[in-house]
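K.L.:
Before I ask anything, here is the structure I am working with.
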Amino acid sequence: MTYASVTRRRGYPPLLAELHDPPARLYLRGGPPEILALPAVAVVGARSCSPYGAQVARELAQALAAAGVVVVSGLARGVDAEAHRGALAAGGLTIAVLGCGIDRDYPRAHAELARRIAQDGLVVSEYPPGVEPSPWRFPARNRIIAGLARATVVVEARERSGALITADFALELGRDVFATPGEITSALSAGTNDLLRQGATPLLSPEDILETLGLEAAPQTLPDGLSPKARAVLERLSDGARTLDELVRATEMDSAGAAAVLTELELAGLIAVADGVYRRATGRGPPKAVRS
Amino acid sequence: MLARAITHALVGLEARRVEVEAHLQRGVPAFAIVGLPDKACQEAKERVRSGIASAELEWPLRRITVNLAPAGLRKEGSGYDLPIALAVLAASQQIPPERLAEHAAVGELALDGRVRPVPGIIVAAEAARRAGLVRLLCPHESAPEAALAGVEPVPLRHLAEAGAYLRGRFQPDAVEPAKSVANGGGLDLADVRGQERARRALEIVAAGRHNVLLAGPPGTGKTMLSRRLPGILPPLTLDQALEATRIHSVAGVLPAGRPLVDRPPFRAPHHTASAASVVGGGPGPRPGEVSLAHHGVLLLDEMPEFHRPVLEALRQPLEDGVVSIARVAGQALFPARFVLVGTMNLCPCGARGDPAVECTCTPQKLAAYGGKLSRALVDRFDLVVHMPRPRGVELDMRPGEASRVVRARVVPAAQQLGRKRPRLAADARALLTRAVDTLPLSARGRARVARVAATVAALAAEEEIAPAHVAEALSYRAPRELVS
């Protein structure tokens, strides 16, 4: 099977050409090569991310894709995969940059994800078919991720994470680098917090990045029929993640009632749940009651 | 000289009539057992010889042949000792053969002549009753169990008593069958503090007999809660109790002194268990843990640690409520309708979900752990409940609701579900459709949510499923990590 490709002479994305060692050829799998020229943002981060990191990556990618931005990432486990999934969930376009031959899916468990990405978006690699994944190829792959994107967001990274290499490439190119702040006690946020110290822009909501790109967020309508109980729960969650049991005690609802309210909020996209812990969704400020 | 005793061979949960023929001939003294006896049955020779001597009866110095007919059926176990001994005694005219022919007999002999219990007495007793033999010579300990089958058990402590009884010189005690089922007892839910969500989920599980997967870090009470599930299940009917008793008897796990399985059974095989021990098997098929949990609860603690073939083998009983084991000699069917409770940590090291410790699992290990439960198996769980680590305040709280109180809500709900399942109201259906569009929820997931919502409605004594019931049911759906 032959793969489409772009070369320096034909169809090459101009942003990528700014790299000091741009790949001579980029193999493609999936949609039309014009996708490479669309405004794109890289969302990268730790493979062993926390539920918080996974949620942020997913919701951020979702918001970006909904606003028409292409989400670029590396098909790795953790943050990368969540970013791709978020973009797909919003019905948007996403690009996965491989560190192995264009015909490989690495990690293998993400073969199905790669197939879904390639339906409308792109899977790309600078390596011809048959090249095995090997550790030294991944930093090289990261320069392409940074090169394709107008801005790079690092969602959770340990102190010596590969995502920081992507951020370095983005800095070299003079592109914007965002990092999501994390708890200073969490090793998973050490890398991102260090980026912030070095001057990366803190990413507090998807709007932050859309503003930089001169784009507007897809309009989000708050459901008007939110029950008073739901508002109370939302307020509690603004103070931090909670389990259902904790909400039950804080709000004097019973378990059945709390479960129903949480589902209502989840369907409205206002909260997310992972491992039995409920969190407010990113992308919206705290509710008015708390802001005042 | 020829004499016969009647006994029964176990084939799965059935008993087949076996005639034990003893033939004494002139010749060099010898003793042979034919008719496909297994090793345990073959060794009956030595026990019978010693038992007869210990009972101060005479061992005939003849050429003795014992045939177990039908000769083509495999005879397993030690329950043939007593009938063999009685047939030999009858053939040598030490007991009246015509009296022996009016009885069925079963039991193992000790070398000193005592009669020991064997598995499957209730099944043998039922077969005897169907064949019109109302009196069963059986071990003393097993007499109450035999009485459950509606026969008149003749409880025997010693082979000498059997001889004396058949000669009309000994009247054994009368035996009253235990004919009522217990209500409650066992471990109480009041012991569980906090964990309101898991308690509520357990109530739904008990009312709707749903399978449930409990996920959370170690030490959050997953096992403790599961052990309290039988206590809130609706009590067994007498028929259910008898059915469970048959299975437990054949497997040889009936506790001494409690002939009737009168509470929903609870089984928790260890994760190193083999597929044969969990679903049943062996040369003369024996019921496995899934059948021992019939009408009760099967707990698979640390589910991803179980061998994959064991988990996959669970799919048939979960689907059909029955295990069929095919053997050359035929097929054995064991009923296996149980509530499956699975527990798992959120990651192999167990730290995930616990704010106090940091998880050290690599992404690969994490992915492999989730992958141990096949999609098909996860699909069998109607509810997935996360159990977070309780904080200190929770453990200081007052004891929770007692099992008795919860059961009082469960029983009417279960009855309502049995009569007429609540239907989805129009607005509830709309909510479900919206959920399928918004959440990662498959068609099968949708059906599961609808089932759970029906139980939630029944617990609220509603005829129709309201949106709030669907919303609660949705919160127990399997998380994305497990279904994708």
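Where a number appears in this text, it was derived from the coordinates with a stated rule and is not lab data. Values in this document were obtained by computation on a predicted structure and should not be read as measured data. Note that each Cβ is placed from the backbone with ideal geometry, even for glycine, and that neighbours are counted across all protein chains shown.
K.L.:
Classify region A:4-212 from the C-alpha gyration tensor, please: rounded if a/c falls under 1.5, else prolate or oblate depending on whether a/b exceeds b/c. Show your work: numbers first, answer last.
P.N.:
Values: a/c = 1.43, a/b = 1.41, b/c = 1.02.
Here region A:4-212 falls in the rounded category.
K.L.:
Still on this structure, I have one more. Compute the length gained on full extension between residue B:271 and residue B:174: take 0.36 nm times their separation in residues and subtract their Cα-Cα distance, giving the result in nm to one decimal. Walk me through the numbers before you get to the answer.
P.N.:
On the way: separation 97, 0.36 × 97 = 34.92 nm, distance 4.40 nm.
Here the answer is 30.5 nm.
K.L.:
Short version: ³J(HN,Hα) in whole Hz for each residue of region B:124-137, in order, from phi by Karplus 6.51 cos²θ - 1.76 cosθ + 1.60 (θ = phi - 60°), x for Gly and Pro, what are they?
P.N.:
Along region B:124-137, the couplings run 5, 5, 5, 5, 4, 5, 4, 7, x, 8, 8, 10, 10, 7 Hz.
K.L.:
Which value in nm describes the separation of the simple spin-label points at residue B:61 and residue B:190, placed 7 Å from the Cα toward the beta carbon?
P.N.:
The answer from the label model is 7.1 nm.
K.L.:
Using a Förster radius of 41 Å, what is the FRET efficiency between residue A:34 and residue A:197 based on their Cβ-Cβ separation? Nearest 0.05, please.
P.N.:
For residue A:34 and residue A:197, the calculated efficiency is 0.60.
K.L.:
At what distance in angstrom do the alpha carbon centres of region A:31-108 and region B:13-78 lie from each other?
P.N.:
76
K.L.:
Which order results if B:307, B:210, B:103 are arranged by neighbouring Cβ count within 10 Å, fewest first?
P.N.:
Details: B:307 15, B:210 21, B:103 24.
Going from least to most buried by this count: B:307, B:210, B:103.
K.L.:
So for the pair residue B:427, residue B:404, with labels modelled 7 Å out along Cα→Cβ, what separation do we get in nm?
P.N.:
3.9
K.L.:
With θ taken as phi - 60° and the coefficients 6.51, -1.76 and 1.60, list the Karplus ³J(HN,Hα) couplings across region B:265-274 in order, rounded to whole Hz; mark glycine and proline as x.
P.N.:
3J(HN,Hα) across region B:265-274, in whole Hz: x, 10, 10, 9, x, 6, 6, 8, 4, 7.
K.L.:
Additional query: Have a look at A:171, B:256, A:53 and report the one farthest towards the positive end of the charge dipole of the protein assembly as shown, computed about the Cα centre with Cβ charges (Lys/Arg +1, Asp/Glu -1).
P.N.:
Checked the options; the winner is B:256.
K.L.:
Another question, then. Give a residue-ordered list of calculated ³J(HN,Hα) values for region A:140-154 (Karplus: 6.51 cos²θ - 1.76 cosθ + 1.60, θ = phi - 60°; whole Hz; x for Gly, Pro).
P.N.:
Whole-Hz 3J(HN,Hα) from phi for region A:140-154: 5, 4, 5, 5, 6, 4, 5, x, 6, 9, 6, 8, 10, 10, 9.
K.L.:
Work out, step by step, the length gained on full extension between residue B:464 and residue B:39: first 0.36 nm times the residue separation, then minus their alpha carbon distance; give nm to one decimal. Working shown, then result.
P.N.:
On the way: separation 425, 0.36 × 425 = 153.00 nm, distance 6.06 nm.
The residue B:464-residue B:39 span can extend by a further 146.9 nm.
K.L.:
Considering chain A as a Gaussian network with a 10 Å cut-off on Cα pairs, which listed residue, A:65, A:140, A:167, attains the greatest mean-square fluctuation?
P.N.:
Largest GNM mean-square fluctuation: A:140.
K.L.:
Taking a virtual spin label 7 Å from the Cα of residue B:442 along the C-beta vector, which residues in region B:332-351 bring their backbone nitrogen under 15 Å of it?
P.N.:
No residues fall inside that zone.
K.L.:
Using only atoms on other chains, find how many Cβ atoms lie within 10 Å of each Cβ of peptide A:257-269 and report the average. Display every interim value, and only then the final one.
P.N.:
Values: counts 4, 5, 11, 11, 4, 4, 13, 6, 1, 6, 8, 1, 1.
Average per residue, whole number: 6.
K.L.:
I've got another one for you. How many lysine pairs does the protein assembly as shown hold where the Cα atoms are under 23 Å apart and the two sit 8 or more places apart or on different chains?
P.N.:
Values: A:229/A:288; B:39/B:75; B:45/B:75; B:222/B:365; B:222/B:372.
Close lysine pairs under the 23 Å cut-off: 5.
K.L.:
I'd like the FRET efficiency for residue B:28 and residue A:239, computed as 1/(1 + (r/R0)^6) with the beta carbon distance as r and R0 of 56 Å, rounded to 0.05.
P.N.:
On the way: r = 94 Å, r/R0 = 1.68.
Calculated transfer efficiency: 0.05.
K.L.:
Here's another thing I want to ask about it. For a quick check of your reading of the filter: which trypsin sites (Lys or Arg not before Pro) in region B:393-476 sit in a DSSP loop and have no more than 13 other Cβ atoms within 10 Å?
P.N.:
Working: sites: B:404, B:407, B:409, B:419, B:420, B:423, B:429, B:434, B:444, B:446, B:448, B:451; in loops: B:420.
Sites meeting the loop and neighbour criteria: B:420.
K.L.:
Working out 0.36 nm times the residue gap between residue B:434 and residue B:315, then minus their Cα-Cα distance, what length gain in nm do you get to one decimal? Intermediate values should be presented prior to the final figure.
P.N.:
Numbers: separation 119, 0.36 × 119 = 42.84 nm, distance 3.04 nm.
Here the answer is 39.8 nm.
K.L.:
Separate question: What FRET efficiency comes out for the pair residue B:130/residue B:167, r = Cβ-Cβ distance, R0 = 30 Å, nearest 0.05?
P.N.:
Numbers: r = 28 Å, r/R0 = 0.94.
About 0.60, to the nearest 0.05.
K.L.:
Moving on. Calculate the spin-label point distance for residue A:10 paired with residue B:368, positioning each point 7 Å from the Cα along the beta-carbon direction, and give it in nanometres.
P.N.:
Simple spin-label model gives 4.5 nm for this pair.
K.L.:
Highest GNM mean-square fluctuation, chain A, Cα pairs closer than 10 Å: which of A:175, A:25, A:160?
P.N.:
Evaluated over chain A, the most mobile residue of the options is A:160.
K.L.:
Here is a further query. Report the trypsin sites (Lys or Arg not before Pro) located in region B:127-234 that are in a DSSP loop and have at most 13 other Cβ atoms inside 10 Å of their Cβ, or state none.
P.N.:
Values: sites: B:129, B:130, B:135, B:157, B:167, B:169, B:179, B:193, B:197, B:199, B:200, B:209, B:222, B:227, B:228; in loops: B:157, B:167, B:169, B:179, B:193, B:209, B:228.
Passing both the DSSP loop test and the Cβ count: B:167, B:169, B:179.
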